[in-house]
Amino acid sequence: MSKPKKIILYSFLSLAAIYILFFPACTPELAVRRHLLFTNPLHVFSYVQKGPMYSFYAVPSIELSSIWLKKTPIGWYIESSGTGP
């Protein structure tokens, strides 16, 4: 691979990593999964249940099962998480 192609590839991968780590998620479930990835990586593929209220999600298999989300113009982020509503 030539040097300019390597530079373009590495810059694209670094920008993608920055976007994934620091910007809000485009869907609520993706925001919950990212939160699970950083707090408890073993439960990333756990069942995510939508709650009865808007922007409330629950993950029954972990202790911090209640997750509240907030929507901004650029995406979703975790507002708070805990053991109950």
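Before moving on, here are some points about what is shown:
- Summing Cβ point charges (Lys, Arg +1; Asp, Glu -1) relative to the Cα centre of the chain gives a dipole of roughly 480 debye.
- Considering only G82, A25, G51, and ranking their Cα positions along the charge dipole of the chain that arises from unit charges at the beta-carbon of Lys, Arg, Asp and Glu, the one farthest toward the positive end is A25.
- Between the helical axis of 3-22 and the longest alpha-carbon principal axis of the chain there is an angle of about 10 degrees.
- The chain - Rg and Dmax from Cα coordinates, angstrom: 16.1, 55
- With helices as the sole contributors, the chain gives -12500 deg cm²/dmol at 222 nm; each DSSP H run of n ≥ 4 counts as -39500 (n - 2.57), and the sum is divided by every residue.
- Proximal lysines to K71, defined as alpha-carbon separation beneath 28 angstrom and excluding residues fewer than eight positions away on the same chain: K50
- Modelled spin labels at Y47 and L13, positioned 7 Å past Cα toward Cβ, are 3.8 nm from each other.
Quick note: the coordinates plus some simple rules give every number you see, no bench work behind them. Computed from a prediction, not measured in an experiment: that's the story for all the values here. Note that each Cβ is placed from the backbone with ideal geometry, even for glycine, and that neighbours are counted across all protein chains shown.
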